[in-house]
Amino acid sequence: MGEAILTALGRGIREAGESLGDLERMTHDAITRSDDIIRDDDLQVALLVLHGLHYGGVVDADDAWEWHPSLVASRVAIERAFEAELRRQVPVPDLPNPSAADVAAALFELTKPTPGPSASRYLARKATEEQLKEYVVLRSVYTLKEADAQTWGIPRLPRRAKAALMEIQTDEYGDGDPERMHSAIFARAMRGLGLDDGYAAYLDSVPAVTIASFTMMTMFGLNRSLRGAMAGHFSAYEMTSSIPNRFIAQGVRRLGFGDDVAWYFDEHVEADAVHEQIAGRDLAGGLVEAEPSLLADVMWGANTSLTVDGWGSDEALEHWEAGRSALRVPLDMTGGIR
Amino acid sequence: MTGRPPTIVACPDGPLLVRGDAELETPEGEPIDRHGRNTVALCRCGASAIKPFCDGTHKMTGFRSED
Ligand code: FES
């Protein structure tokens, strides 16, 4: 599926005509065949490539492909099946009263830190340099485009929620300093570790469930009907960031890397302690107060972040503890560039 | 600076969220670097490792603001 899309994109759009019937049929067949689209490598890469046409910088293709009717149809078909699978596998948590304060309190309760093993604690204390690099490669699927997925959602939000998201995004994008943009600080950390910071450099190595974390948030941002899930997801993401990032910064320094690599993680300790407050009360809470019918989707969106991101990091931890690579293709076997 | 009068939100069981043109200073009057951030969170649980800023530790210690 992913290959077929890349082949189509490799052709000039002018030769392609208005309809790529084969591609739409193949998409449909791939969806029907798949038992779990969240863990389907082929469909997740396909969706990432289709989303990539909206972001730019993911595949080398004519800009006009973005709104080609057959590619839009394929994207929407995969997204519908993906959303349905997520709704099957991720439950809606207990619902609070639809007030900003109660929504924030419920989100903080849902995301409260748990003791015990986690990928970030492992990175702090035990990970090898190779495992730290693997972690950074896994994270790069989202983080090289950090904050962009949520930016799609800005015009779709009512007043207070919109102002809140803007307040967070301004900080994500570096408060006016392009060097401080989170995606740029992350790219710097990748270079500091000797990794390729080109988007998709390691895409073939990343397991589907990690790609799903990113395609899910892109889908939430791109679809107005999912703005509740977007707000809940982003809140939970911010609420589960400061403490793990502090652990990871410890691991970075334990392994002898300097501030250029640690900066990204240090920055998130401080930034996300601010963002989580704004996100919980003003973004998610503000959205629910303006549109109470979105309450269940806000809480569900929060749970999708915890659950799907949790699957990805639990799987990575399991591999590392067993002495295996968490990537589909270990780093020493990839040339770095696809 | 934003030209906006400072506001401080006391976040339940969490930090003080400071927006607007508030100068942060040490007791000696030295400016505290806000790292370019327009909105900052000041620790009020006492447990942060990056004081005066909050680092989320209040969630691990079960801090209650009782407000
Ligand atoms: S208030 Fe957050 S760490 Fe103290």
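Mind listing the long-range amide H neighbours of B:Val40? Cut-off is under 5 Å, sequence gap 5 or more, other chains count too, H placed in the peptide plane at 1.01 Å from N.
B:Val18
Using a 1.4 angstrom probe, figure out how much accessible area region A:207-259 has per residue, in square angstrom, rounded to the nearest whole.
Accessible area per residue: 24 Å².
Using the Kirkwood radius over Cα pairs, work out the Stokes-Einstein diffusion coefficient for region A:2-89 at 4 °C and 1.567 mPa s, in µm²/s as a whole number.
D, rounded to a whole number, is 98 µm²/s.
What span do the alpha-carbon atoms of the protein assembly as shown cover on each of the three principal axes, reported in whole Å from largest to smallest?
Taking the Cα atoms of the protein assembly as shown, the three principal extents are 69, 49, 39 Å.
Lys and Arg at +1, Asp and Glu at -1: add these up for the other residues within a Cβ distance under 10 Å of A:Gly153 and post the number.
Within the 10 Å Cβ shell, the charges total +4.
Across region A:237-243, in residue order, what do the Karplus-derived ³J(HN,Hα) couplings come to in whole Hz, using 6.51 cos²θ - 1.76 cosθ + 1.60 with θ = phi - 60° and x for Gly and Pro?
For region A:237-243, the Karplus curve yields 4, 5, 6, 10, 10, 4, 5 Hz.
For chain B, what is the convex hull volume of the alpha-carbon atoms per residue, in Å³?
92
For the protein assembly as shown, compute the number of Lys pairs whose alpha carbons are separated by less than 22 Å, excluding pairs fewer than 8 positions apart on the same chain.
Values: A:Lys112/B:Lys51; A:Lys112/B:Lys59; A:Lys133/A:Lys145; A:Lys145/A:Lys162; B:Lys51/B:Lys59.
For the protein assembly as shown, the number of qualifying lysine pairs is 5.
In region A:100-321, carbon and sulfur make up what percent of the accessible area (probe 1.4 Å)?
That fraction is 53 percent.
With a 10 Å cut-off between alpha carbons and a GNM built on chain A, which of A:Arg14, A:Arg224, A:Arg39 moves the most?
Ranking A:Arg14, A:Arg224, A:Arg39 by mean-square fluctuation puts A:Arg14 first.
Which residue fluctuates the most in chain A, going by a Gaussian network model with Cα springs under 10 Å, if the choices are A:Gly21, A:Gly153, A:Gly198?
Looking only at A:Gly21, A:Gly153, A:Gly198, the biggest GNM fluctuation is shown by A:Gly21.
Short version: ³J(HN,Hα) in whole Hz for each residue of region A:167-183, in order, from phi by Karplus 6.51 cos²θ - 1.76 cosθ + 1.60 (θ = phi - 60°), x for Gly and Pro, what are they?
Ordered by residue, 3J(HN,Hα) equals 4, 5, 5, 4, 6, 4, 8, x, 6, x, 10, x, 5, 8, 4, 4, 5 Hz.
Decide, for region A:220-338, between rounded, prolate and oblate: order the square roots of the alpha carbon gyration tensor eigenvalues as a ≥ b ≥ c, take rounded if a/c falls under 1.5, and otherwise choose prolate if a/b is larger than b/c, else oblate.
prolate
Note the direction-averaged projected area, equal to a quarter of the hull surface, for the Cα convex hull of region A:100-321, in nm².
11.0
When the dipole is taken about the Cα centre of chain A, and only Lys, Arg (+1) and Asp, Glu (-1) are charged at their Cβ, what size is it in debye, to the nearest 20?
On the way: 32 positive and 53 negative charges, 78 e Å.
Using only the charged Cβ atoms, the result is roughly 380 debye.
Cα centroids of region A:209-230 and region A:73-97: how far apart, whole angstrom?
9
Can you give me the C-alpha center-to-center distance between chain B and region A:107-169, rounded to a whole angstrom?
Computed from Cα coordinates, the inter-centre distance equals 21 Å.
Could you give the size of the charge dipole of region A:2-89 about its Cα centre, using +1 on the Cβ of each K and R and -1 on the Cβ of each D and E, expressed in debye and rounded to the nearest 20?
Rounded to the nearest 20 debye, it is 220 debye.
Using a Förster distance of 35 Å, how high is the FRET efficiency between A:Asp94 and A:Asp332, based on the Cβ-Cβ distance and rounded to 0.05?
With R0 = 35 Å, the Cβ-Cβ based efficiency is 0.15.
Checking an interface number: how much accessible area is buried between A and B, summed over both chains, with a 1.4 Å probe, in Å² rounded to 100?
1800
Just checking the output field for A:167-178: average partner chain Cβ neighbours within 10 Å of each residue's Cβ? Write down the numbers at each step before the final one.
Working: counts 3, 1, 0, 3, 5, 0, 0, 1, 6, 2, 1, 0.
Mean partner shielding for this stretch: 2.
The values are calculated or read from the model by the stated rules, or taken from the named source; none is laboratory data. All figures in this text were calculated on a predicted structure; none of them were measured in a lab. For neighbour counting, all protein chains shown are included, and Cβ atoms are generated from backbone atoms with ideal geometry for every residue, glycine included. Protein only, heavy atoms only, side chains kept; ligands, DNA and RNA dropped before computing areas. Shrake-Rupley method; radii C 1.70, N 1.55, O 1.52, S 1.80 Å.
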